[in-house]
1. Out of Arg109, Arg60, Arg128, I need the residue that is more than 24 Å from Leu10 (Cα to Cα) and either open to solvent by less than 90 Å² (accessible area, probe 1.4 Å) or at pLDDT 95 or above (or both). Which one?
2. Any idea how many residues of the range 82-105 are buried (at least 20 other Cβ atoms within 10 Å of the Cβ) and touching a Lys or Arg at 6+ places or on another chain (Cβ under 9 Å)?
3. Would you pick out the residues in the range 63-75 that are open to solvent by less than 20 Å² (accessible area, probe 1.4 Å), at pLDDT 95 or above and not hydrophobic (A, V, I, L, M, F, W, C)?
4. Could you tell me which of the residues Asp28, Asp89, Asp100 is over 14 Å from Ala125 (Cβ atoms) and charged (D, E, K, R)?
5. Return the residue satisfying two criteria in turn: it lies in the range 1-60 and is touching a residue at least 40 places away in the same chain (Cβ under 8 Å) and of a type in the set (Asp, Glu), and of such residues it is nearest to Pro98 (Cα to Cα).
Amino acid sequence: MVSSFRQELLAPPEDVWAFVSEPYHFPDWWPGVAAVEPDRRGFAEGARWQLRRAEPTLFRRAHGAALLVVRRVEVPSLFSFHVVQDRLDAELALTPAPGDRTRAQLTIRAPLWRLGFERSLARDALGRLHALCQTAAGL
């Protein structure tokens, strides 16, 4: 199942990219992740990050681990990754918008049995990213 969600962020693309491209910021905007341990490649294609989950779900216990594999990076506009345990693929595309803002589109592909989950995940992730950018814009 594929789901896509769009949101305009209140920051220029280079600022959004600088935030998103820092692996240690991933838990700030991706729901359900408490911490990340990137491998030595960091934010690069083929990198593997160990994720520690923040909260339990119906299928996972709290503080469980997951593996994220960075699939594609196109500076400064595309970040694509795969979460192995969830069989989830995600792609974040950033494009410039008028007024020194950024259009963000998050597309998530997940198995059919996760029906509806990927839509709320995309909405929540971009909502968090929007809140973080708005906070930074207000400083």
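The values are calculated or read from the model by the stated rules, or taken from the named source; none is laboratory data. The model shown is predicted, which means the values in this text are computed figures rather than measured ones. Glycine also receives a Cβ, built like all others from the backbone with ideal geometry; neighbour counts cover every protein chain displayed. Note: areas computed on protein heavy atoms with side chains; ligands, DNA, RNA excluded. Shrake-Rupley method; radii C 1.70, N 1.55, O 1.52, S 1.80 Å.
1. Arg60
2. 4
3. Listed by number, the list is empty, since nothing qualifies.
4. Asp100
5. Top of the filtered list is Glu8.
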